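Take a look at the structure set out below.
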Amino acid sequence: MLRLFWNRLVWAIPVLLVIVVLNFVLVRLAPGDPITSIIGEYPTPEGYAEQLRAQMGLDRPIHEQLLIYLGHVFQGDLGYSFANRQPVLSLILGKALNTLALMVPGLIFASLLGILIGRVSLSTSARFLDSTLTGLSLFGYSVPIFWLGQVLIILFAVELQWLPAQGMFALQTDLPPFLDYLAHWAMPGFAVTIFYAAIVARVARASLKEAVTGDYIVTALAKGTSQRRLFWRHVLPNGLVPIVSVIGYNFGLALTGAILVESVFAWPGLGALFMASIIARDYPTLQGIFLLAGAAVVVSNFVTDVVYEIIDPRMRNGSRGA
Amino acid sequence: MSAADSMLRIRDLSVVYEIDGRELFAVKNAFIDLKMGEGVGIVGESGSGKSTFARAMMALLPATNARVASGVMEIDGVSYDMVDKSGMARLRGRTFAMVFQDPLSYLNPLMTIRSQIVEAIRLNDPSANVDHRVRELLDLVRLPQRCLTAYPHELSGGMRQRVLIAIALGCRPKVLIADEPTTALDVTTQAEILALIKDIKREIGMSLVLISHDLGVVSSLCERVFVMYGGYTIETGAREKILSTPAHPYTQALIHTARAVRGEDGRFVTLSGDVPRLVEAGKGCPFAPRCGVAMPQCDTVLPSLAHVNDNGRHSARCHMHS
């Protein structure tokens, strides 16, 4: 386990390095210019733009800029966001926490809901419920999340006026902070949950249906196992690997997976910052977001691998021969 | 045999498979008797209905297309309607436990040997001294204690079969059902497992129902034999009588092929033709199309079970004896 941990860690470094370099080059290949974005339409003195360019180091050759940037990254300095007037690291970490506050509960509910739908599909006495849930999953998977978001806003915020239409906290409210967060989370959280539950359910249904046909299920039944125990102890663990892999994938992409939802509900997260940074050509922030998102994928892949090994002894290295 | 000295009696067992909307009998009017501590064998080719017979006892028939059409079971003086699947399912474990053919696929790959055995013990006796029982069972199946922490994929085929036997015995069943317990093993391991089952049967006085296509295997473990063909029990009697004076032409052919008897032309005697498929089952004797001594009535009239001799303990379903 420890060796695998080090192997993974050593591999993560070149992967992240490639992510950093590629994105460094890519954002600069895109049309547009940060200096123009900062100055905007205002009239400025002669030579001000060049002065600003030199001050930010953008007048140097691109490979020099890259080396300087890499040197800073290795020291934990992701640079300074000229658009937001604050260091990139604290900026994106703050926004990332907001995004996680939206995504993590949603992904957890979605995972549980997805497995539950898979469980229902095994029951021979719940055929109708199963077909209904399968239909709903297909709907949840195919409906555009921005459309669903708008419908939710029209229904619950505009017509019924039950829930706030946007943001994460109200500016003025009598509610305690947690309830306020919950009220704001309800609609975007629902949209996230529905979408990811549909993804998990599709995989869970297939893999649980396969696990339940295993011969070891017959052995478990022959012992006198109850249906409940059969599912939790035998069916679910044996069908869990594909489910864990899709859940891990969802979590890995969680930081950048909510761009549309955050836009629709004006959730102050990483997705919203990402959109704003593209428009501002805010290179350091964009690079920081890419690096963080890449690191999240690497970490979630590692966690997923560890969970595989916990679930399935056949995946462990150097298994003991008896 | 009289009802008094048998602990288990099954009468008139019929199992129906629904295939393409047609109901086809896999087992018809089959029966067995079993005395306490006795071993009986159900012998037949694949397709004879012997495994379906065993699965019906365990209420482990595939739920989607198979059902017990009729059948009465009496065990220790209590009688059960075998059509009642949930009633029969309650007998799994404490009344019947089963050993299966392919020990790798019938063990849960994700659980240690210990937890699979412990599950069998706990489910059937929650107050058992688990550690003591596990040690006892491992000694009984001649496995070293270090196997307890292993997973199924780390053991050899013979060891896995010992584990399956330990799981079945862990239930403390009244009757052990073994479905082709040696078929998937290599020849030397087969002999070991047979010797093991024989020892266990003697040591703890286990009542055994052995399902096999191999008369040799059956005769080494069982005092009495039930021969099945085309879903019917076509002959029954003490092992010695069946082997020395088989009454049914099918049993005769089975013994000749098993002993590799040479015919007049010097070639091994073989049984030509195939076991009737469910679809082809006609009105007469199921063996008539392959029978060397068939009479005209064999094609049209199903022979009834008739005593051959041995004080009514040897019977056959054949017109030659009715």
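The values are calculated or read from the model by the stated rules, or taken from the named source; none is laboratory data. Every value quoted in this text rests on a predicted model; they were computed, and no experiment measured them. Cβ placement follows ideal geometry from the backbone for every residue including glycine, while neighbour counts extend to all protein chains displayed. We work out accessible area using only protein heavy atoms, side chains counted, and drop any ligands, DNA or RNA first. Shrake-Rupley method; radii C 1.70, N 1.55, O 1.52, S 1.80 Å.
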Where A:ALA211 falls short, out of the listed (1) within 14 Å of chain B (Cβ to nearest Cβ); (2) over 30 Å from B:ALA178 (Cα atoms); (3) aliphatic (A, V, I, L, M): (2)
Any chance you could count how many residues in region B:58-79 are in contact with a strand residue (DSSP E or B) (Cβ under 6 Å, 6 or more places away or on another chain), within 14 Å of chain A (Cβ to nearest Cβ) and among the aliphatic types (A, V, I, L, M)? 2
Kindly provide the set of residues from region B:80-98 that are more than 9 Å from chain A (Cβ to nearest Cβ), touching a residue at least 24 places away in the same chain (Cβ under 8 Å) and among the hydrophobic types (A, V, I, L, M, F, W, C), ordered by number. B:MET82, B:MET88
Residues in region B:54-72 that are crowded, with 21+ Cβ neighbours inside 10 Å and over 20 Å from A:GLY224 (Cβ atoms) total 1
Every pair of residues 6+ apart whose Cβ atoms lie under 9 Å, when the first sits in region B:118-138 and is more than 11 Å from every other protein chain (Cβ to nearest Cβ) and among the polar types (S, T, N, Q) while the second is open to solvent by 20 Å² or more (accessible area, probe 1.4 Å) and in a helix (DSSP H, G or I): none
Flagged in region B:229-249 as touching a strand residue (DSSP E or B) at 6+ places or on another chain (Cβ under 6 Å) and either surrounded by 23 or more Cβ atoms within 10 Å (Cβ to Cβ) or among the acidic types (Asp, Glu) (or both), in numbering order, are B:GLY231, B:TYR232, B:THR233, B:ILE234, B:GLU235, B:THR236, B:GLY237, B:ILE242, B:ALA247, B:HIS248
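In this structure, does B:GLU203 turn out to be modelled with pLDDT under 95, over 18 Å from the mean Cα position of the chain (by Cα) and either within 14 Å of another protein chain (Cβ to nearest Cβ) or open to solvent by 40 Å² or more (accessible area, probe 1.4 Å) (or both)?
Numbers: modelled with pLDDT under 95: yes; over 18 Å from the mean Cα position of the chain (by Cα): yes; either within 14 Å of another protein chain (Cβ to nearest Cβ) or open to solvent by 40 Å² or more (accessible area, probe 1.4 Å) (or both): yes.
So B:GLU203 fits the description; yes.
Scan region B:135-149 for residues that are outside any helix (DSSP H, G or I) and either open to solvent by 90 Å² or more (accessible area, probe 1.4 Å) or within 13 Å of B:ILE121 (Cα to Cα) (or both) and report the count.
The initial filter retains those residues of region B:135-149 that are outside any helix (DSSP H, G or I), namely B:141-144.
Checking which are either open to solvent by 90 Å² or more (accessible area, probe 1.4 Å) or within 13 Å of B:ILE121 (Cα to Cα) (or both) leaves us with B:142.
Residues flagged as outside any helix (DSSP H, G or I) and either open to solvent by 90 Å² or more (accessible area, probe 1.4 Å) or within 13 Å of B:ILE121 (Cα to Cα) (or both) within region B:135-149 amount to 1.
Being over 30 Å from A:ARG205 (Cβ atoms), open to solvent by less than 70 Å² (accessible area, probe 1.4 Å) and not small (Gly, Ala, Ser) narrows it down to one residue among A:LEU67, A:LEU52, A:LEU93, A:LEU100; which is it? Don't jump to the end; show me each part of the working.
Numbers: A:LEU67 fails: open to solvent by less than 70 Å² (accessible area, probe 1.4 Å); A:LEU93 fails: open to solvent by less than 70 Å² (accessible area, probe 1.4 Å); A:LEU100 fails: over 30 Å from A:ARG205 (Cβ atoms).
Of the residues listed, the single one that is over 30 Å from A:ARG205 (Cβ atoms), open to solvent by less than 70 Å² (accessible area, probe 1.4 Å) and not small (Gly, Ala, Ser) is A:LEU52.
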Could you say whether any residue in region A:224-246 is under 30 Å from A:VAL10 (Cβ atoms), buried (at least 18 other Cβ atoms within 10 Å of the Cβ), of a type in the set (Phe, Trp, Tyr) and in contact (Cβ under 8 Å) with a residue 12 or more places away in the chain? no
Identify, please: which residue in region A:137-153 is under 17 Å from A:VAL203 (Cβ atoms), open to solvent by 60 Å² or more (accessible area, probe 1.4 Å) and in contact (Cβ under 8 Å) with a residue 60 or more places away in the chain and is, among those, farthest from the chain's Cα centre (by Cα)? A:LEU138
The one condition in (1) at pLDDT 90 or above; (2) open to solvent by 10 Å² or more (accessible area, probe 1.4 Å); (3) of a type in the set (Gly, Ala, Ser) that B:ALA30 fails to fulfil: (2)
Looking only at residues that are in contact with an Asp or Glu (Cβ under 9 Å, 6 or more places away or on another chain), within 30 Å of B:PRO152 (Cβ to Cβ) and at pLDDT below 85 in region A:270-322, which one is farthest from the other protein chains (Cβ to nearest Cβ)? A:ASN317
